[in-house]
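Structure, as structure tokens:
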Amino acid sequence: MSEEPARPALSQAETPAAPAPDPVPPATKSSRNIMRAALVFALFGLAVSMWHFLWPSELAFTAFMTIGQGSFGLAIVIYIWMIFRDLRRRKAL
Amino acid sequence: MEEGVFSGDSANIHRWLSWAGVIFGLIAAVILVYALTRKPGWLNSPAAHWTLLIGLFLLPSVTMLLGNVVGFAAVKDSCGSCHTMDPWMADMKNPESKTLASRHYQNRWINEHACYTCHTGYGLSGNIQAKMGGLRHVIREYITGVPAEIKISRPFPQKTCLHCHAEAASFLKTEQHVDPPEIKEGIFSGKISCFLCHDPPHPR
């Protein structure tokens, strides 16, 4: 049985370094502005819903059903879209 | 003294739901204003993600859901609030009227939401249809204008009458409903209209 020749030890400098994780780039200014727009849309939807809750009337209900929920729906669409964008940016998708 | 939320009184439950909507909505609004006033970099933080999940998605979604429930219940009695419907409302409240709608309303055969009960299909699809129909009516009233002739948009579904009357003792003991059996089959299949013999539902 032949003895396996001893391998020379790798010096500290020769040790292969683990690949550094890609840094997550910060959200761009446009992303932040779009997100802020979503917040404003949601706030507007909530304001209309407050009108509908506190001073109920046919007009308030109609406004709630159309522009109120429409505005909030738009905010949600933007929010979900931004989540997907963020996940793609982080290479999670 | 107001009864508790579990009294079974639907108006009371809706009042509680309405206040719940206000509270959820206000909390969400405070969170959203907080998020809007943070520095731009804040949106990248994990705290922002949780804050937006609660303040932009969860709480407002509950508020909108409650708004639908409360609002939809509140407008069930609003059919007569437009002048367009004045002649129909006058007939319903006229003690001399013999129309089916008037008799159902004045005798309290339909205890509440008289228009809504007969003009809405049953189940979730019925509610959605009623909601879309109501929106169409509002748009006509406020924007496109009311047509010169008001008429029902689709044939009145016989099953709406049968929902309450079918197999009722008073229905079955009426000979004209069941004898010969083909009559009953015709009524149940919708081939024989209730209004063939009964007074019209509204003034013609």
> Just to be sure, is B:Val69 aliphatic (A, V, I, L, M), touching a residue at least 40 places away in the same chain (Cβ under 8 Å) and surrounded by fewer than 18 Cβ atoms within 10 Å (Cβ to Cβ)?
Replying inline: yes
> Out of (1) under 30 Å from B:Tyr142 (Cα atoms); (2) not assigned by TED's automatic domain parsing to the domain that holds B:Val146, the odd one out for B:Ala28 is which?
Replying inline: (1)
> Looking at (1) in contact (Cβ under 8 Å) with a residue 12 or more places away in the chain; (2) surrounded by fewer than 16 Cβ atoms within 10 Å (Cβ to Cβ), which is the only condition B:Ser81 fails?
Replying inline: (1)
>> Yes or no: region B:129-147 includes at least one residue that is in contact with a Ser or Thr (Cβ under 7 Å, 6 or more places away or on another chain) and under 23 Å from B:Leu196 (Cα atoms).
In response: no
> Could you list, in sequence order, the residues of region B:53-69 that are within 15 Å of A:Met82 (Cα to Cα) and either of a type in the set (D, E, K, R) or facing another protein chain (nearest Cβ under 7 Å) (or both)?
Replying inline: B:Leu56, B:Phe57
>> Tell me the residue from B:Pro147, B:Pro157 that is closer than 22 Å to B:Cys115 by Cα, touching a Gly at 6+ places or on another chain (Cβ under 8 Å) and at pLDDT below 90, please.
In response: B:Pro157
> Looking at B:Ala148, B:Ala168, B:Ala130, which one is surrounded by 15 or more Cβ atoms within 10 Å (Cβ to Cβ) and among the aliphatic types (A, V, I, L, M)?
Replying inline: B:Ala130
>> Only one of B:Ala35, B:Ala74, B:Ala28 is facing chain A (nearest Cβ under 8 Å) and in contact (Cβ under 8 Å) with a residue 60 or more places away in the chain. Can you tell me which?
In response: B:Ala74
> Only one of (1) in contact (Cβ under 8 Å) with a residue 24 or more places away in the chain; (2) assigned by TED's automatic domain parsing to the domain that holds B:Gly134 fails for B:His14. Which number is that?
Replying inline: (2)
>> Name the residue that is nearest to the chain's Cα centre (by Cα), counting only residues in region A:31-56 that are exposed (fewer than 15 other Cβ atoms within 10 Å of the Cβ) and over 19 Å from A:Ile83 (Cβ atoms).
In response: A:Ala47
>> So for region B:48-68 (the condition being at pLDDT below 90 and under 21 Å from the mean Cα position of the chain (by Cα)), does at least one residue qualify?
In response: yes
>> Cβ contacts < 6 Å: first residue more than 7 Å from every other protein chain (Cβ to nearest Cβ), restricted to region A:58-69; second residue at pLDDT 85 or above, any location; separation 6+ or different chain. Result?
In response: A:Ala60/A:Trp51; A:Ala60/A:His52; A:Ala63/A:Val48; A:Gly68/A:Gly45; A:Gly68/A:Val48; A:Gly68/A:Ser49
> Condition test on B:Tyr105, is it surrounded by 15 or more Cβ atoms within 10 Å (Cβ to Cβ), without any contact (Cβ under 8 Å) to a residue 24 or more places away in the chain, hydroxyl-bearing (Ser, Thr, Tyr) and not in a loop (DSSP other than H, G, I, E, B)?
Replying inline: yes
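The values are calculated or read from the model by the stated rules, or taken from the named source; none is laboratory data. Note that the structure is a prediction, hence the values are computed from the model and not measured. When we count neighbours, we look across all protein chains shown, and the Cβ atoms used for this are built from the backbone with ideal geometry, even at glycine.
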